[in-house]
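Structure first, commentary second.
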Amino acid sequence: QAVFNLLIPDHAADAFSPPRLGAGGPWDALLERLLGGLARWDGEHFLFIAEHGYLLEHNCAFLPLFPLGLRLVAALLPLPWPLQPRSRLLLSAALLNALLAALAAAALLGLGRAVLQNRRQAFLAALLFSVSPAGVFLAAAYSESAFACLAFGAMWRLETGQGRLSGLLFSLAAAARANGLVNAGFVLYSRARRFALQLQGGSAPSLWKQLLSLASSAALTCAGIFLPFALFQYYAYVRFCGPGAGLAQSVPEPLLQLARDKGYRVAGTAGAEPPWCSQRFPVVYSYIQDAYWNVGFLRYFELKQIPNFLLALPVTILGLWAAWTYVSTNPRHCLTLGLERRKSEERGKVRDGFCGPAAFVYVVHSTALLLFGFSCMHVQVLTRFLGSSSPILYWFSAYLLQEHEPLLWSTGTDDPKSGKPLLGKSASSCGKGTSDNPVVRLLLNWRLLTPLSKSILGFFLGYWLLGLILHCNFFPWT
């Protein structure tokens, strides 16, 4: 991104761009040249919130966990040279997200092994996450890496029976992004399935006691997931709907001028009360999405948005294809919502991989997010929305590669079709073929790949590269 940011001039986008306060030194200028591309679009909001707090009303569309993390890292970061607060926060964002993205890949690997029961497919999916089509947002000053790390970690812990830790991680994820509230469905489904299987197995001697225990546990966990979002809405209400308290007097004049020029509402200023304050249940998040970004059901369905629908087309096709493949492979399992114990499970012979029974709830989750995003959001964000929220994009892509790419079938060092040696494979000292990295091996043998494999890897790496080029120079992207 540093190279592209230097070679390509920034686009003059109508985006949030607050003025810099104070004169930066040479180290600030150097850091801006090296990492400035990671602070575009919503990244400006997160850095602004971390530095100044929730000063402007539309900042409240961004939940507080990631900005708080930036402030903490910036405060603890030992630096031998002086930097402006924004520069420290930008450096903190790059370092923090590098760590969180790696932890998210590790969590996805653990989750894949637990759900898919197929170590090769789980490993390939984790590698695909490392070259995610939403990769630029996992590196930039966005909350995607934090959310993916917490959400995948929570799902993994839920699969391994660590309910309390899973609930805590789900709660933290909901403090990072609003779609974390949907993850309460995993908790509810887990409890419902456990109860249904106990009934079918005849291991519930005290039916009502068992039901009450599971229901109360699910209710408490879900309340914990919703609590951070509810508390933040209350915080916004107090900050923007209560009496002024003279907050605006301490706001630097350049920021007040920005608010006047752009029509931003500043916390603690006199004037008309925001319309959302008078709602029965004041929710600033939905108001901002509606008033500032025109987000709503089918509002994006306009002819001028056709390019954005085309940008979202690959991830939409993959998401719908994944749902169709799973449903057509497991029709009875889907009709019974996965709550029926199958004979294969009783015999211990369960299909592994993406089409296994344990993946059902993840397919439902992914499809629900896809349909909601396609009909109610700015559709171009679907790639990063699904790429940081659902493992299905990576599991299904890994499944397709394993099922249809002959180069992944062979355990030897030769192409199964021609018998020629493969690049990226070497024999170990133990005499076994070692695959250093299946994704790298596929890329090194690009000419031998099937058209499907080229399409999948082309989508992942193409969007990964285009994201760096376009997003980091303020061009519209996903």
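The values are calculated or read from the model by the stated rules, or taken from the named source; none is laboratory data. Quick caveat, the model's predicted, so the values are computed rather than measured. Note: ideal-geometry Cβ built from the backbone for every residue, glycine included; neighbour counts use all protein chains shown. Accessible surface is based on the protein model in full, side chains and every heavy atom, while ligands, DNA and RNA are left aside. Shrake-Rupley method; radii C 1.70, N 1.55, O 1.52, S 1.80 Å.
Selection of first residues in segment 121-148 that are closer than 16 Å to L382 by Cβ and of second residues that are open to solvent by less than 10 Å² (accessible area, probe 1.4 Å) and acidic (D, E), restricted to Cβ pairs under 6 Å at least 6 apart or on distinct chains, gives the following pairs, ordered by first then second residue: F137/E144; L138/E144. Looking at G263 and the list (1) on the phi < 0 side of the Ramachandran plot; (2) at pLDDT below 95, which single condition is not satisfied? Status for G263: all satisfied but (1).
Of L90, L138, all but one fail to be in a helix (DSSP H, G or I), closer than 20 Å to F460 by Cα and either at pLDDT 95 or above or out of contact with any strand residue (DSSP E or B) (no Cβ under 8 Å at 6 or more places or on another chain) (or both); the exception is L138. Where the second residue is surrounded by fewer than 18 Cβ atoms within 10 Å (Cβ to Cβ) and not aliphatic (A, V, I, L, M) and the first is in contact (Cβ under 8 Å) with a residue 40 or more places away in the chain and part of a loop (DSSP other than H, G, I, E, B) and lies in segment 439-459, which pairs have Cβ atoms under 8 Å and are six or more apart or on separate chains? From segment 439-459, the pairs are T450/H404; T450/P406.
Among the residues making up segment 113-143, a single one is open to solvent by 30 Å² or more (accessible area, probe 1.4 Å), among the hydrophobic types (A, V, I, L, M, F, W, C) and in contact with a Gly (Cβ under 8 Å, 6 or more places away or on another chain): F123.
One residue alone among I317, I288 is among the β-branched types (V, I, T) and open to solvent by 80 Å² or more (accessible area, probe 1.4 Å), and that residue is I317.
When segment 11-21 is filtered for residues that are open to solvent by 60 Å² or more (accessible area, probe 1.4 Å) and within 18 Å of S87 (Cβ to Cβ), the ones remaining, listed by number, are S17, R20.
This table checks each residue for (1) at pLDDT 90 or above; (2) surrounded by 18 or more Cβ atoms within 10 Å (Cβ to Cβ).
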position: S390; (1), (2): yes, yes
position: Y399; (1), (2): yes, yes
position: G424; (1), (2): no, no
position: S428; (1), (2): no, no
position: L442; (1), (2): yes, yes
position: K454; (1), (2): yes, no
position: G458; (1), (2): yes, no
position: C472; (1), (2): yes, yes
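No other residue among F195, F186 is at pLDDT below 95, over 24 Å from A93 (Cα atoms) and either open to solvent by 30 Å² or more (accessible area, probe 1.4 Å) or in a helix (DSSP H, G or I) (or both) apart from F195. Of the candidates G110, G167, G153, the single residue that is open to solvent by less than 30 Å² (accessible area, probe 1.4 Å), outside any loop (DSSP other than H, G, I, E, B), of a type outside the set (A, V, I, L, M, F, W, C) and in contact with a Phe, Trp or Tyr (Cβ under 6 Å, 6 or more places away or on another chain) is G110. Any idea which of G224, G244 is in a loop (DSSP other than H, G, I, E, B) and either at pLDDT 90 or above or within 21 Å of Y54 (Cα to Cα) (or both)? Matching residue, one of G224, G244: G244.
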